[in-house]
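The values are calculated or read from the model by the stated rules, or taken from the named source; none is laboratory data. Worth saying up front: this structure is predicted, and the values here are computed from it rather than measured. A quick note on method: Cβ atoms are made from the backbone with ideal geometry, for glycine too, and the neighbour counts reach across all protein chains shown. Accessible surface is based on the protein model in full, side chains and every heavy atom, while ligands, DNA and RNA are left aside. Shrake-Rupley method; radii C 1.70, N 1.55, O 1.52, S 1.80 Å.
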Amino acid sequence: MPSLGKRSREKRDQCEVELQGVLDEAINHFDFSVICGFRGREEQEQAFAEGNSNARWGQSKHNVSPSRAFDIIPYPLGFAAEDEAFYEMATHVLGAASKRGVRLRWGGHFRSLKDLAHFELIGNQ
Ligand SMILES: [Zn+2]
């Protein structure tokens, strides 16, 4: 059974406890790496400048602590992974969220700048 590596666990621990539960559940069904939990000011502005995020500092759910969003990528594939692996991963993550009663929005469903790695809490839950 897959499990989160050390770096992934560090990123997971930066997230809201509901999100941690979703990650811990989903990893039992699909292997992935957590590449972002909380994102600081400098990191957020850099992501914006590089076109990896459409949010400025303070506009992203990654910018609060604990983080209300996480980014994950299929393991062992990297960013070059085919979209298909991301879609399969999202199915497992959204399934884990629904099982736990956590309302989660996937970046793959964003209308502008689809972000297949991104998941965030909806509203103020
Ligand atoms: Zn993100």
Study note, to complete from the structure: Per GNM of the chain with C-alpha springs under 10 angstrom, the most fluctuating residue out of ALA55, ALA26, ALA97 is ALA55
**Study point:** ³J(HN,Hα) computed for each position of the range 68-74 - Karplus, 6.51 cos²θ - 1.76 cosθ + 1.60, integer Hz, glycine/proline x
**Key:** 9, 8, 9, 10, 9, 10, x
Practice item. Pairs of Cα atoms under 8 Å, at least six residues apart: use those to get the relative contact order of the chain, whole percent. Key: 26 percent
Check your understanding: If one computes the Cα centroid of the range 88-123 and of the range 1-30, what distance in Å separates the two points?
Key -> 14 Å
Check your understanding: Just how large is the dipole of the chain about the Cα centre, in debye to the nearest 20, putting +1 at every Lys and Arg Cβ and -1 at every Asp and Glu Cβ?
Key -> 400 debye
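Do the sum for the chain: with -39,500 (n - 2.57) for every DSSP H run of n ≥ 4, divided by all residues, what is the mean residue ellipticity at 222 nm, to the nearest 500 deg cm²/dmol? Please report the intermediate quantities before stating the final value.
On the way: 4 runs with 43 residues, N = 125.
Here the helix-only value at 222 nm equals -10500 deg cm²/dmol.
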Review point. Placing +1 at every Lys and Arg Cβ and -1 at every Asp and Glu Cβ, with all other atoms neutral, what dipole size does the range 1-47 have around its Cα centre, in debye to the nearest 20?
Key: 180 debye
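Based on the Kirkwood radius over alpha-carbon pairs, what is the Stokes-Einstein translational diffusion coefficient of the range 1-44 at 4 °C with 1.567 mPa s viscosity, in µm²/s? Write down the numbers at each step before the final one.
Numbers: Rh = 10.9 Å.
The Stokes-Einstein estimate is 119 µm²/s.
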Review point. Which length gain, in nm to one decimal place, applies between HIS109 and GLU50 when the Cα-Cα distance is subtracted from 0.36 nm times their residue separation?
Key: 19.1 nm
Practice item. Identify which of ARG105, ARG68, ARG56 has the largest mean-square fluctuation in a Gaussian network model of the chain, with springs joining Cα atoms closer than 10 Å. Key: ARG56
Revision key, fill the gap. With every protein chain kept in place and a 1.4 Å probe, the range 6-121 has an accessible area per residue in Å² of 55 Å²
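Carbon and sulfur atoms: what percent of the 1.4 Å accessible area of the chain do they account for?
On the way: 3410 of 7060 Å².
Percent of accessible area from carbon and sulfur atoms in the chain: 48.
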**Study point:** Amide H contacts of ILE35 (H built 1.01 Å from N, under 5 Å, at least 5 apart or other chain)
**Key:** ASP71, ILE72, ILE73
Point to revise | Percent of C-alpha pairs per 10 Å bin, the chain, short to long | key: 14, 49, 34, 3
